[in-house]
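Encoded as structure tokens, the structure appears first; notes follow it.
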Amino acid sequence: MHEASHQLRCVGCGAVIQPATVEKDFRCIACSELLEVEYPSWSAAGEPSPGYSLGPRRMPNPGALRWLWRERLESRLPIDQSGVWRFRELLPILEDPEHAVTLREGNTPLYRLLQTAEGLGFEQLYAKHQGMNPTGSFKDTGMTAALSQARERGFQWVACASTGNTSAAMAAYAARARMNSLVLLPEGKISWSKLSQAIDHGAVTCQLKTDFDGCVRVLAEVVRRAPVYLLNSVNPYRLEGQKTPALEIAEEFDWQVPDHVIVPGGNLGNSSALGKGFLEMMHLGLSNKVPKITVVQAEGANPLYLSLLHCDGREIQPVEANTRATAIRIGNPASWRKAARVIHQTGGYCEQVSEAEIALAKAEIGQEGIGCEPASAVTLAGLKRLVRQGKIDRSESVVLLLTGHTLKDSEYTIDFHRDKLLTREESAGLERELSEKRHATLSLEASSDAVLRVLEAAIQT
Ligand code: F0G
């Protein structure tokens, strides 16, 4: 089961492409659309797999797989300790899984959100915290998959355009693999913590005087002109790694899967990957249903929301993106077609939320002792909107996907608590809720009297 038993299929025209002949920009030569990885040996008996010649159907056995994946939790092998490669039978993309470059990503916690659930009247509300990955974001799960491919194919250089987290992950995994990395970032529009990670891990880090979408355009030319391997989420191998949180969630729910999973939307690779994971699990008989997958965008970076509103996701109009949730400040998302398809296939929604709703939701998650970066908090803000609209019932089990660690953007958190984050207009209508969540830092004389006066006041409130 370990051979590279996969092929690539265009999501636009359906053309099948063999991995060895894929273009450097991972787009279809015929129609320029994105590709996805597929495993023809999983197709049901009698269902022909076009262009495929690996022999008879060898669909993995669900019961044996569940047992094997659980057994691996006891193993000391690095690839078994990885929450991505532990599930390697569902992503057989490497010639040899021992070639995997791993930092023990995945195996992230699923927390119950008790206070928030109580406030909203939910019985079962969870947060899957992908910020608990080695570099602090969900990008690690995709990076281990795609960078391992790059190494197997003999590349020395990898590259990405990023709002920060992809670059941090790529720089770290490239350093582990003793490869070189090139990072293009929108100058002044990413958090210092993310920039510091790329630098620390030795990436050639270029801040360009443009936004994320501009960095993507420049990188496309660089990749055409230089022997570098593209690691943005247009790379379909990234999504193979990013589908594994779906498996972890299903495993936690004893393979029953929750009713609803809510994901932030930026370049829209992650929602596509999770959808692929859940749909494949059902296809293979590992679970008996798929959750609804809902994507939430910031109001200032909402092209998928507008596309679904105006033309049911048939085409997309890029927007000039602007949000303080800088990770999802993306106006022209590459994987919009895949994400729209996942929403349609699973019966989910696409919602948008305001800057104040994001800040409030982030503070609420913080109060649960969990914390996340602003882009992750759109999930809770979106859930609240969907409940108000009657689209999610309080009896449903819901998982919010938290994509980044709270320390990824501490400037945002500090500005929020000092009331320097939002303008008066942005806070309008939510002033009371926001001020209840703000906590001051106090500057005191170095005396126990001063501290005790503060403590007394706090005990009385
Ligand atoms: N949340 C965080 C913390 C992110 O860093 C990103 C994307 C997203 C959500 C959105 O995920 O793009 O798959 O829809 N960050 C990218 C980056 C674009 O360069 O780090 P998506």
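The values are calculated or read from the model by the stated rules, or taken from the named source; none is laboratory data. What you are looking at is a predicted structure, and each value in this text was computed from that prediction instead of being measured. FYI the Cβ positions are ideal-geometry reconstructions off the backbone, even for glycines, and counts take in every protein chain you see. These area figures cover heavy atoms from the full protein model, side chains too; ligands, DNA and RNA do not enter into them. Shrake-Rupley method; radii C 1.70, N 1.55, O 1.52, S 1.80 Å.
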request  = Please work out if Leu103 is more than 16 Å from the ligand (Cβ to nearest atom) and either in contact with a helix residue (DSSP H, G or I) (Cβ under 6 Å, 6 or more places away or on another chain) or not acidic (Asp, Glu) (or both).
outcome  = yes
message = If I filter the range 333-345 for residues that are more than 12 Å from the ligand (Cβ to nearest atom) and within 17 Å of Val257 (Cα to Cα), do I get at least one hit?
response = yes
ask   = Could we say that Arg72 is open to solvent by 10 Å² or more (accessible area, probe 1.4 Å) and either part of a loop (DSSP other than H, G, I, E, B) or modelled with pLDDT under 95 (or both) here?
value = no
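Can you pull out the helices (runs of 4 or more DSSP H) entirely within the range 259-377 that have at least 1 residues that are within 22 Å of Lys189 (Cα to Cα) and open to solvent by less than 10 Å² (accessible area, probe 1.4 Å)? Outline the logic, then answer.
On the way: elements: 269-283, 303-311, 336-346, 355-367.
It comes to 269-283, 303-311, 355-367.
Say we look at the range 243-298 and pick out the residues that are basic (Lys, Arg) and more than 14 Å from the ligand (Cβ to nearest atom); which of these is farthest from Gly164 (Cα to Cα)? Write out each step before concluding.
Step one: list which residues in the range 243-298 are basic (Lys, Arg), which gives 243, 276, 289, 292.
Still in the running and more than 14 Å from the ligand (Cβ to nearest atom): 289, 292.
Working: Lys289: 34, Lys292: 28 Å.
It comes out as Lys289.
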inquiry  = For the range 75-92, which positions are part of a loop (DSSP other than H, G, I, E, B) and either touching a residue at least 40 places away in the same chain (Cβ under 8 Å) or not small (Gly, Ala, Ser) (or both)?
reply    = Arg76, Leu77, Ser82, Gly83, Val84, Leu91, Pro92
message = I'm trying to understand the selection: among the residues of the range 93-122, which are modelled with pLDDT under 95 and either crowded, with 16+ Cβ neighbours inside 10 Å or not in a helix (DSSP H, G or I) (or both)?
response = Glu95, Asp96, Pro97
note = Of the conditions (1) within 16 Å of the ligand (Cβ to nearest atom); (2) in contact with a Ser or Thr (Cβ under 9 Å, 6 or more places away or on another chain), the single one that Leu208 does not satisfy is (2)
ask   = Of all the residues that make up the range 162-184, how many are assigned to a helix (DSSP H, G or I) and open to solvent by less than 20 Å² (accessible area, probe 1.4 Å)?
value = 10
inquiry  = When you scan the range 151-166, do you find a residue that is within 20 Å of Arg224 (Cα to Cα), within 10 Å of the ligand (Cβ to nearest atom) and in contact with a helix residue (DSSP H, G or I) (Cβ under 7 Å, 6 or more places away or on another chain), even just one?
reply    = yes
ask   = Which one is nearest to Val183 (Cα to Cα), of the residues in the range 218-258 that are outside any loop (DSSP other than H, G, I, E, B) and among the small types (Gly, Ala, Ser)?
value = Ala220
note = With criteria (1) touching a strand residue (DSSP E or B) at 6+ places or on another chain (Cβ under 9 Å); (2) under 20 Å from Asn107 (Cβ atoms); (3) free of Cβ contacts under 8 Å to residues at least 12 places away in the same chain, Glu240 comes up short on (3)
remark   = With criteria (1) part of a loop (DSSP other than H, G, I, E, B); (2) touching a helix residue (DSSP H, G or I) at 6+ places or on another chain (Cβ under 7 Å); (3) basic (Lys, Arg), Lys391 comes up short on (2)
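When you scan the range 411-460 for helices (runs of 4 or more DSSP H) that lie fully inside it, which ones turn up with 3 or more residues that are among the β-branched types (Val, Ile, Thr)? I'd like the intermediate steps shown before the answer.
On the way: elements: 424-427, 431-437, 448-460.
Per the criteria, 448-460.
Go over the candidates Ala159, Ala198, Ala150 one by one and state the one that is closer than 24 Å to Thr21 by Cα, out of contact with any Lys or Arg (no Cβ under 9 Å at 6 or more places or on another chain) and part of a helix (DSSP H, G or I).
On the way: Ala159 fails: part of a helix (DSSP H, G or I); Ala198 fails: closer than 24 Å to Thr21 by Cα.
After applying the criteria, what remains is Ala150.
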remark   = Across (1) within 12 Å of the ligand (Cβ to nearest atom); (2) charged (D, E, K, R); (3) open to solvent by 10 Å² or more (accessible area, probe 1.4 Å); (4) in a helix (DSSP H, G or I), Asp140 clears everything bar (3)
note = Scanning the range 10-36 for residues that are farther than 25 Å from Arg225 by Cα and in contact with a strand residue (DSSP E or B) (Cβ under 6 Å, 6 or more places away or on another chain), the one surrounded by the most Cβ atoms within 10 Å (Cβ to Cβ) turns out to be Val11
request  = Restrict the check to the range 223-242 and report whether at least one residue is modelled with pLDDT under 95, touching a Gly at 6+ places or on another chain (Cβ under 8 Å), open to solvent by less than 40 Å² (accessible area, probe 1.4 Å) and within 14 Å of the ligand (Cβ to nearest atom).
outcome  = yes
